[in-house]
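The values are calculated or read from the model by the stated rules, or taken from the named source; none is laboratory data. Given the structure is predicted, the values throughout are model-derived calculations rather than measurements. Cβ coordinates were reconstructed from backbone atoms using ideal geometry, including for glycine residues, and neighbour counts include every protein chain displayed.
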Amino acid sequence: MKLIRIYAVLVIFSISFLQCNSSPTDPINTNNSNSPSDHTVNKHGVMHKSGLTSPLTNCVDCHGADLRGGDVGVSCYSCHGKKW
């Protein structure tokens, strides 16, 4: 019985670990036909503007102060999830 509990704990831990390390926020749609011409950095198949590592400095003008869409209506959260 103790061995079964150990296996159960290991299985649960493994599943949790794999889910945390999967990439559910990787972009699904890589169609970049609507990307602005200044979005020249390809990151995982999606075009970004240079300076993408500092989104609160470089992306807020179009995507909004909270990066949830702004004037362009494209939320950074749709691909990046809770990373922002």
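Some points to look at:
- Pairs where the first residue, in region 40-62, is free of Cβ contacts under 8 Å to residues at least 60 places away in the same chain and farther than 12 Å from residue 76 by Cβ and the second is of a type in the set (Ser, Thr, Tyr) and surrounded by 13 or more Cβ atoms within 10 Å (Cβ to Cβ), C-beta under 6 Å, 6+ apart: 47/35
Every residue, every condition in (1) out of contact with any Asp or Glu (no Cβ under 9 Å at 6 or more places or on another chain); (2) modelled with pLDDT under 90; (3) basic (Lys, Arg); (4) not in a loop (DSSP other than H, G, I, E, B), yes or no:
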position	(1), (2), (3), (4)
8	yes, yes, no, yes
11	yes, yes, no, yes
29	yes, yes, no, no
35	yes, yes, no, no
56	yes, no, no, yes
62	no, no, no, yes
68	yes, no, yes, no
82	yes, yes, yes, yes
